[in-house]
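The values are calculated or read from the model by the stated rules, or taken from the named source; none is laboratory data. A quick note: this is a predicted structure, and the numbers were derived from the prediction, not measured. Don't worry about glycine lacking a Cβ; one is built from the backbone with ideal geometry, like all the others, and counts go over all protein chains shown.
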Amino acid sequence: MGTIAAISTPRAQGGISVIRISGEGALAVADKIFTGRKPSAMDGYTCAYGYIAVDGDKIDDVILTVFRAPHSYTGEDVVEISCHGGIYVSERILSLVFSNGAVPARAGEFTERAFLNGKIGLTEAEAVMDVISAQGRAHLRRAGNVKNGSMHRLISGYSERLVKLLGNISAWIDYPEEDIEGLSDDEIRSELEDIRRGLKKLSDSYENSRIIKNGIDTVIAGKPNVGKSTLMNAMSGCERSIVTSQAGTTRDIIEESVRVGDIVLRLSDTAGIRSSEDIVEQAGIDRAVKKMGNADLIIAVFDNSSELDDEDRRIIELCADAQGKKIACVNKSDEENVLDTGQLTGFDGIVNISAANHDISSLESLLCDMFIGEDTADEVLVNERQKQCLDKALSLVGEAETAVGSVTLDAVNIVLDEALDALLELDGERVSDKVVSEVFSHFCVGK
Amino acid sequence: MSYYVDEFDVAVVGAGHAGVEAALASARLGVRTALFTISLDSIANMPCNPSIGGTAKGHLVREIDALGGQMGKSADKCFIQSRMLNRGKGPAVHSLRVQADRVAYHNYMKKVCEEQENLFVKQAEVSGITVESGEIKGITTALGAYYNVKKVIIATGTYLGGVIHIGDVSYESGPDATLPAKHLTKSLEEAGLTIRRFKTGTPSRVHKRSIDFDRLERQDGDDDIQPFSFETDRYSMKNRVSCYIAYTNEETHKVIRDNIGRSPLYSGRIHAVGPRYCPSIEDKIMRFSERPRHQLFIEPMGLGTDEYYLQGMSSSLPEDVQIAFLHTIKGLEHVEIMRNAYAIEYDCCDPTEMYHTLEFKNVKGLYGAGQFNGTSGYEEAAAQGLIAGINAALSVLGREQITLSRSSSYIGTLIDDLVIKGVTDPYRMMTSRSEYRLILRQDNADERLTPIGYRVGLISEERYRAFLDKWECIRNEVTRLKKTSVKPTAELNEMLTRKGTTPIENSVRICELIKRPQLTYDDVIVFDETAPELCYEVKEQAALQIEYEGYIRRQLEDIEKLRKLEEKKLPPDTDYKALRGLSLEAAEKLNKIRPRNIGEASRISGVSPADVTVLVIWLASLKENGGEQ
């Protein structure tokens, strides 16, 4: 049996969340993502303090507990990661667990394994079945909702195209004597390439929808006193940052969630970027620089009423190196223009605002344009399982694309069957039934 | 008045392709077998296409032969043109198809049956079965003859309740102007079987002298003929005829559209379900109105006749419309119809009422095969006949009956689809129905099934030895190709460059070269001085196993997954409604279909993954319970 994982605490904001990983590979997965003691070297019933990091960046400080088979809930090797509460952090960790070899646990699968491994007695078996079937039904309902969602519509668009392609190949194979024109290798390859690109885009847009669901991790950056905190307050509608006209007032990262249309920004107002003699302030600045690099979005604030200075240029440089989207926000638009906006290069968009006057509508509309594009799933019911199926299909379609021309189509076909299987998993449909009806409904074949 | 005549171990009702195969298998296993047919002159008749094989169907014939059945051998004897379809599309989908001499095939099969020890061929209409306490006891004929029998195999094809439709004319009939079986349906219903009505059709036959062959495309057979049977000498075979291709046109379609109201299918007189894959010409034109033309094949019915078959033109339109539309076709302007096209309705069962052995769940000793089970096609019929015949005989002998898994064969896939998924229209085998098609190739049918045929007792000791030798040879050659290297000689590199692949600098294992898409086994093997002299079949298998190694491994892994699920056996007498946690739909389906294991349960539509989990847990709890007792 494979290694499964899930968040086993309620999906709500709370003090602590627990991510549970169970199966032969549980310790190996933990080894890859946990910095601290090596989980695979730990004894059962012991725990360790450390952190979870991705590409060297810390997601969260955690406590990791190891249970060794058979002395665990499921009877397999189990690792439990307790992280700081909140859906966002725990989902990021779960995502990381999946990309390191675990698969999402089905409804009730931990309990199922516990039972199959003899950890739960016979008397509890029926109760377990009730739970599983209830969860299964709830899952079906959720799946039903997902089916109406736009992500599902988009995925079905591609599964239909694969069905069509497979139907075409099957008709051509199963009815060689009929007047059916076969597809050339180039045609098949180009259709597969197109499908693969589409799936890739969907997979990427999933990331986007995850961001939207959990809030866009946003940094407001700018030199001291350019109006960052005023902007943050204008967006959140409350005075949270200490706003004074003295440069260097904000010394730490202050977080706030604000809703702009359909999207949620998780705002951090950072200390102004400048070199400071003040040790405490310098530490804040270092944190701010690091946070800019990882943020989903940077709103860099510039002053309309003064020329670009070295500190502004440093912000532009930092933005250029950052991974997320960047908006240049020219504040104090109500004052006389001195700033040469032509020098604000490398941004995904430039807007003029007046934070002090609460005039930030141009920023809001740009944010909506940027994050609610047409391919972004507006339904955010999309779960990790769908994403996994999508990614599996994506890699198989890629494999088939390379195979076309170097092996015969019957072999390519079985790879495509698998890809389609992955996409159809959500609907519970079967490849062979789908393809056979496709042949009969679109090809005129027979005696 | 009924009167006692005789007793048999196994009685087969119907001597079409299913019935003949069933009767021969049963008799060859040593049990006293009777084969009943309405007309001795229709044994193994081909009332439709005079051809055997084709995509996926060719696989079935090879599998029948590998198990020790008859169809492949008879087709090898009576073929008049042979072609391997799908050459170039990959080994999994190579399919053998032959034109057969219809009368010669009938005569040959009739003689095989007559000469078979333990087999008694009888002309009579079976009108009823006798069932006592849920078990078959006997059969009665329309004349009142009563036979004590232990097992009955129903293989009634389109004879059972047969009604023919041509335009607005309908009459009770079997295929090819035979008598229909009018009484048996009632008796089967009384025994508890669900009877349904399906429909199929056949095109007209025309006279050779009225065809303008110069205006048609000709299609010849292969030069290098492959036999169906693993026992036929491949060098002894010869093509004798050509087939021809013609096309319908706008004018043809107009005639049909103008007269569509006179088709019993469109006027609503036929209510039975017809096959999706084999539409009549009027169906093709109404459903695919955008197609400017449809293809038809003009095929000789045999060497001793001038009748030609028009494949692709099945119809139930009135005779005058048939004449009119055929005359619009280039090459058929003056064609003379000898037999009309017609549609035929017939009674069939619901195959989900059977086990994988093809025995009915509710009537012990009653088996079904062929069109009666909801399939279509001679090959599908023969495959089921063979399995039903083997199982009826094994059961008489007190031996364990056989079932074939999906991963073993197309036959296994066919039967699994029938009894687990059921059918809504006549079922035709297709390569796309098998998820393991890279393993289930026509070339390795013997590897997959001959050991089973041998254990059953239909494969002779001699044939089995030869089979073992051949596969040992293949294994040795594969091992040798993986170990042996060739040196980079000028000749070798010249060949590599010529074939568009990179030359080698150091010694390379032969298998690595064979894996290159540009190269074949034959290209490479000439540079291997140590290569042994091998026969065609061995070379073919060795090359396939190397070229497709990765894909084959992939499929074997899938098969292993299936095997694990199928190892989880479900108790046969479970009441799923009493099982907590199952959805109502799943419980109903499971109670009806009664899958043997978790793998089968998971293939039933309406049984969700959550239901499967419930079953797995319940099974485990049973085991634990059993262990404690």
Q: For the range B:234-266, enumerate the residues that are small (Gly, Ala, Ser) and within 27 Å of the chain's Cα centre (by Cα).
A: B:236, B:242
Q | All positions within the range A:158-188 that are assigned to a helix (DSSP H, G or I), within 14 Å of chain B (Cβ to nearest Cβ) and more than 20 Å from residue A:389 (Cβ to Cβ) | A | A:167, A:168, A:169, A:170, A:171, A:172, A:173, A:174, A:185, A:188
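Table: residues versus (1) touching a residue at least 12 places away in the same chain (Cβ under 8 Å); (2) of a type in the set (A, V, I, L, M, F, W, C); (3) outside any strand (DSSP E or B); (4) more than 25 Å from residue B:191 (Cβ to Cβ).
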| site | (1), (2), (3), (4) |
| --- | --- |
| B:114 | no, no, yes, yes |
| B:122 | yes, no, no, no |
| B:139 | yes, yes, no, no |
| B:148 | yes, no, no, no |
(Q) Just the residues that are over 21 Å from residue B:176 (Cβ atoms), touching a Ser or Thr at 6+ places or on another chain (Cβ under 8 Å) and outside any strand (DSSP E or B), please, taken from the range B:344-387. (A) B:350, B:353, B:355, B:356, B:357, B:365, B:384, B:387
Q | Residue match in the range B:519-536 (condition: under 30 Å from residue B:224 (Cα atoms), within 11 Å of chain A (Cβ to nearest Cβ) and hydrophobic (A, V, I, L, M, F, W, C)) | A | no
Q) Hey, does the range B:82-93 have a residue that's surrounded by 24 or more Cβ atoms within 10 Å (Cβ to Cβ), under 21 Å from the mean Cα position of the chain (by Cα), within 14 Å of chain A (Cβ to nearest Cβ) and within 18 Å of residue B:370 (Cα to Cα)? A) no
(Q) Given the criteria outside the structural domain of residue B:96 (by TED's automatic domain parsing) and over 28 Å from residue B:522 (Cβ atoms), does residue B:465 qualify? (A) yes
**Q.** Whichever residue in the range B:578-616 is touching a residue at least 24 places away in the same chain (Cβ under 8 Å), aliphatic (A, V, I, L, M) and farther than 26 Å from residue B:404 by Cα and, among such residues, is surrounded by the fewest Cβ atoms within 10 Å (Cβ to Cβ)
**A.** B:579
Q) Would you call residue A:396 under 30 Å from residue B:440 (Cα atoms), modelled with pLDDT under 85 and assigned to a helix (DSSP H, G or I)? A) no
Q) If we scan the range B:253-265, do we find a residue that is over 30 Å from residue B:353 (Cβ atoms), in a loop (DSSP other than H, G, I, E, B) and more than 11 Å from chain A (Cβ to nearest Cβ)? A) yes
Q) How many residues does the range B:152-195 hold that are closer than 27 Å to residue B:317 by Cα and in a loop (DSSP other than H, G, I, E, B)? A) 14
Q. Identify, please: which residue in the range B:587-613 is more than 14 Å from chain A (Cβ to nearest Cβ) and among the polar types (S, T, N, Q) and is, among those, nearest to residue B:571 (Cα to Cα)?
A. B:597
(Q) Within the range B:25-39, does at least one residue satisfy the condition of being farther than 28 Å from residue B:457 by Cβ and either without any contact (Cβ under 8 Å) to a residue 40 or more places away in the chain or not acidic (Asp, Glu) (or both)? (A) yes
Q | Residues satisfying the stated conditions in the range B:230-251, i.e. within 14 Å of chain A (Cβ to nearest Cβ) and either in a strand (DSSP E or B) or of a type in the set (Ser, Thr, Tyr) (or both) | A | B:243, B:244, B:245, B:246, B:247, B:248
Q: Collect the residues in the range B:302-318 that are within 14 Å of chain A (Cβ to nearest Cβ) and not hydroxyl-bearing (Ser, Thr, Tyr), keeping them in residue-number order.
A: B:310, B:311, B:312, B:313
Q: Kindly provide the set of residues from the range A:349-358 that are surrounded by 15 or more Cβ atoms within 10 Å (Cβ to Cβ) and free of Cβ contacts under 8 Å to residues at least 60 places away in the same chain, ordered by number.
A: A:349, A:350, A:351, A:352, A:354
Q: Return the total of residues in the range B:242-275 being in contact with a Lys or Arg (Cβ under 9 Å, 6 or more places away or on another chain) and acidic (Asp, Glu).
A: 1
**Q.** Selection count, the range A:353-369, where residues are outside any loop (DSSP other than H, G, I, E, B) and under 20 Å from residue A:219 (Cβ atoms)
**A.** 8
Q: Quick one: residue A:279 ticks every box in (1) surrounded by fewer than 16 Cβ atoms within 10 Å (Cβ to Cβ); (2) among the β-branched types (Val, Ile, Thr); (3) modelled with pLDDT of 70 or more except a single one, so which number is it?
A: (3)
Q: Being under 20 Å from the mean Cα position of the chain (by Cα) and surrounded by 15 or more Cβ atoms within 10 Å (Cβ to Cβ) is the filter; apply it to the range A:55-71 and report the residue that is farthest from residue A:82 (Cα to Cα).
A: A:59
Q.
Take the conditions closer than 30 Å to residue A:119 by Cβ and within 14 Å of chain A (Cβ to nearest Cβ) and apply them to residue B:543. Does it pass?
A. no
